[in-house]
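The values are calculated or read from the model by the stated rules, or taken from the named source; none is laboratory data. Computed from a predicted model, the values in this text were never measured in an experiment. Cβ: placed from backbone, ideal geometry, glycine included. Neighbour counts: every protein chain shown. Heads up: the accessible areas ignore ligands, DNA and RNA and are worked out on the full protein's heavy atoms, side chains in. Shrake-Rupley method; radii C 1.70, N 1.55, O 1.52, S 1.80 Å.
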Amino acid sequence: MFQVSHVSKQYGKTLANNDITFSVDDGQIAVLLGPNGAGKSTIIKCIAGLLRFQGEITVCGMDNKSIDAKRILGYIPEMPAVYDLLTVGEHLEFIARAYELENWQQRADELLARFELTDKKDKLGKELSKGMQQKLSICCAILHNPKVVIFDEPMVGLDPHAIKELKKLFLELREEGASILISTHMLDSVEDYWDIAHIMVSGMFAATKLNNAQDTHEESLEELFFSITEGQAPSQAE
Ligand code: ADP
């Protein structure tokens, strides 16, 4: 599980995250919805340990910037960052060496097959399309079997097969007990696999909806989303 406690992040005069507190349990899928500019990527980057912030974030009880926390964290950035001059296969080997993994080849091959990258194994990062880079980024982020996985706008640029595989992967990770956070501005990509949804506006959580009988909202997630965000910054347009 991971816990975000009173996290605020300011860029110059812009307060991108304003005192955010939430947690994601083991075996739970949380989605972070919100219009562009709501602060989703910022909180995700804070959790991934890429930004300085005020407040506290722990991953399975450990400070998120500690090496032990990073060992069990997987992060899929919005823009895939692949190495131009490493092949697809070398990317996975690089990750395996960095995390000191053993017997990783079979899992790597299975991931490549799932995301239709097997025949691209010898291609260089710079030779891949944006969608292929995104798929490689997903494979690299989960090769070490992370307990906490955070996806920033993961569907953007993926083909239908990859989207289907990715949704299956979310459910498998949940089944294995991982804590999963998925940010998106595309409400229709969320469908029904979420357990808890946070709607973010102007750096804060404006509403939280549960996907079970304990939820107190009468509206669907979509209705709730639009009742909160309509008239705010552009959302579905970009
Ligand atoms: P979202 O992911 O929901 O689209 P972001 O977290 O990217 O939102 O951005 C939240 C706010 O922070 C926006 O107003 C954005 O312009 C601002 N912002 C994001 N990154 C930076 C940055 N590196 N420098 C300055 N302002 C930034």
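Here are some notes:
- Per-region count, the stretch 11-60, residues of a type outside the set (D, E, K, R), within 9 Å of the ligand (Cβ to nearest atom) and either in contact with a strand residue (DSSP E or B) (Cβ under 9 Å, 6 or more places away or on another chain) or at pLDDT below 95 (or both): 15
- When restricted to residues that are open to solvent by 60 Å² or more (accessible area, probe 1.4 Å) and of a type outside the set (V, I, T), the stretch 114-146 contains 9.
- Among the criteria (1) open to solvent by 30 Å² or more (accessible area, probe 1.4 Å); (2) more than 28 Å from G34 (Cα to Cα); (3) over 19 Å from the mean Cα position of the chain (by Cα), the one R71 does not fulfil is (3).
- In summary, L111 fulfils each of the numbered conditions (1) in contact with a Pro (Cβ under 7 Å, 6 or more places away or on another chain); (2) assigned to a helix (DSSP H, G or I) with the single exception of condition (1).
- D195 surrounded by fewer than 20 Cβ atoms within 10 Å (Cβ to Cβ), away from the ligand (no atom under 15 Å from the Cβ), acidic (D, E) and modelled with pLDDT under 95: no
- Residues being more than 15 Å from the ligand (Cβ to nearest atom) and over 28 Å from E191 (Cβ atoms) - total across the stretch 1-10: 2
- Taken as a whole, the condition of being in contact with a helix residue (DSSP H, G or I) (Cβ under 8 Å, 6 or more places away or on another chain), of a type in the set (V, I, T), farther than 30 Å from I20 by Cβ and free of Cβ contacts under 8 Å to residues at least 24 places away in the same chain applies to T118.
- Single residue of the stretch 1-29 satisfying the filter (aromatic (F, W, Y) and in contact (Cβ under 8 Å) with a residue 60 or more places away in the chain) that is farthest from I57 (Cα to Cα): F22
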